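> One structure is given below, represented as structure tokens, and several questions about it will come after.
Every number in this text was worked out from the coordinates using simple rules, so none of it is lab data. Computed from a prediction, not measured in an experiment: that's the story for all the values here. Methodologically, a virtual Cβ is constructed for each residue, glycine included, from the backbone with ideal geometry; neighbour enumeration extends over all protein chains shown.
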Amino acid sequence: NLLRAGAIDEPLANAARIWVGSELCAKIVRKNRRDVIVMPYGVDPLEGSTIKPSGSLEIAVFGSIEPRKGQDLALAGLKLLPSADRANIHLTLFGRPLDAKFFARIIEECRGNEKVTYGGELDREDYYRTIASVDAVLVCSREDTAPLISIDALSAGRMLLLTRDVGTSAWLTDGVDALIESKANPEAMRNLYVRALARRSDANELGQAAKQCFERNFSRAAFFELFRSEIQIAKVTSTDNTGTL
């Protein structure tokens, strides 16, 4: 909205370098600055437990309860599953309600479905423990630049389920370090559930590849290496163009 209104045209024009968190953001900013740089976040890793090969596949969705985060898509996709597959999945939604009407709809659906639980809002420590213990993390957002939840899931070696509408997918290879569908819709959620069930026998190998992706792209070491090089470039650019950083 700020870009469309022209409210930040001057800061964008004067900045020596423009950094964004993902390619999804870059596409928006690139209309004003073609030299925008994608700077992935650098975070501390989480340690995850071994993913179990049997029993219900425990899938968690973390995020504020609002249409943008797509919890309704996750529930709709569950309904599309064959009954045999649905019987092997348990979905838990965690998050703070931000849209009262949407939240009421989600809670009503949870009450009528034994395969879904609303786990409420988590503090930081409970969030860390939960994400490290579930089998898979689903990011069902209709659009999300690069949610930290997806990065934490990679670091903990979880099976990460998401779509190309989530910016983190730009660093991932479908079937290698995550399971990825093209668009956020109920059919995509169904496909992710089916594929997650099919990958249970090698889920920990998928998780190890996820950890490697995290180390290459989202670890603090990777961030600081890129950050230092960008600072040097920004200094030179600022001196040459008399811009501001």
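> What are the radius of gyration and Dmax of segment 109-245, computed over its Cα atoms and given in Å?
In order Rg, Dmax, the Cα atoms of segment 109-245 give 18.2, 63 Å.
> Looking at the P(r) of segment 2-121, how many percent of alpha-carbon pairs lie beyond 19 Å?
Values: 4562 of 7140 pairs.
Here the long-distance tail beyond 19 Å is 64 percent of all Cα pairs in segment 2-121.
> Expressed as cubic angstrom per residue, what is the convex hull volume of the alpha carbon set of the chain? Walk me through the numbers before you get to the answer.
Working: hull volume 31.2 nm³, N = 245.
Once divided by residue count, the hull of the chain is 127 Å³.
> Applying 1/(1 + (r/R0)^6) with R0 = 51 Å to the Cβ-Cβ distance of Glu225 and Ser201, what FRET efficiency is obtained, to the nearest 0.05?
Working: r = 36 Å, r/R0 = 0.70.
That pair, Glu225 with Ser201, gives E of 0.90.
> Another question, if that's okay. Which of rounded, prolate or oblate describes segment 115-184 when judged by the alpha-carbon gyration tensor and an a/c cut-off of 1.5?
On the way: a/c = 1.76, a/b = 1.52, b/c = 1.15.
Cα axes put segment 115-184 in the prolate bin.
> On to the next question. Would you calculate a helix-derived [θ] at 222 nm for the chain, using -39,500 (n - 2.57) for each DSSP H run of n ≥ 4 and dividing by the full residue count, to the nearest 500?
Details: 11 runs with 108 residues, N = 245.
After summing the helix terms and dividing by the residues of the chain, the value is -13000 deg cm²/dmol.
> Please return the longest range in the chain lying between exposed loop sites, taking trypsin sites (Lys or Arg not before Pro), DSSP loop only, at most 14 other beta-carbon atoms within 10 Å, and leaving the sites out.
35-182
> Kindly express, to the nearest 10 degrees and within the range 0 to 90, the angle between helix 220-241's C-alpha long axis and the longest C-alpha principal axis of the chain.
Orientation of helix 220-241: about 30 degrees from the principal axis.
> For segment 81-135, what does the equivalent ellipsoid look like in terms of its semi-axes, each the square root of 5 times an eigenvalue of the Cα gyration tensor, given largest first in whole Å?
Working: eigenvalues 89, 69, 9 Å².
Listed largest to smallest, the semi-axes of segment 81-135 are 21, 19, 7 Å.
> At 0.36 nm per residue, and after removing the present C-alpha to C-alpha distance, how many nm does the segment from Arg96 to Lys52 gain when stretched out fully? Intermediate values should be presented prior to the final figure.
Details: separation 44, 0.36 × 44 = 15.84 nm, distance 2.85 nm.
Extending this stretch completely gives an extra 13.0 nm.
> Measuring from label point to label point, each 7 Å out along Cα→Cβ, what is the Arg4 to Lys235 span in nm?
Each label point is offset 7 Å from its Cα along the Cβ direction, giving 4.1 nm.
> Something else now. Could you tell me the number of lysine pairs in segment 1-126 with C-alpha atoms less than 26 Å from each other, where the two lysines are 8 or more residues apart or belong to different chains?
Counting lysine pairs in segment 1-126 gives 10.
> Counting only residues 5 or more places away or on other chains, whose amide H sits under 5 Å from the amide H of Glu181 once H atoms are built in the peptide plane?
Result for Glu181 returns Leu162, Thr163, Arg164.
> What shape does segment 8-47 take by its C-alpha gyration tensor, where a ≥ b ≥ c are the square roots of the eigenvalues and a/c under 1.5 counts as rounded, a/b above b/c as prolate, and the rest as oblate? Display every interim value, and only then the final one.
Details: a/c = 3.46, a/b = 2.29, b/c = 1.51.
Because a/c hits 1.5 or more and a/b exceeds b/c, segment 8-47 counts as prolate.
> Next up: When Lys and Arg each count +1 and Asp and Glu each count -1, what net charge do the other residues less than 11 Å away from Val36, Cβ to Cβ, add up to? Could you put the intermediate results ahead of the total?
Values: positive: Arg17, Lys27, Arg30, Lys31, Arg33, Arg34; negative: Glu23, Asp35.
Here the count lands on +4.
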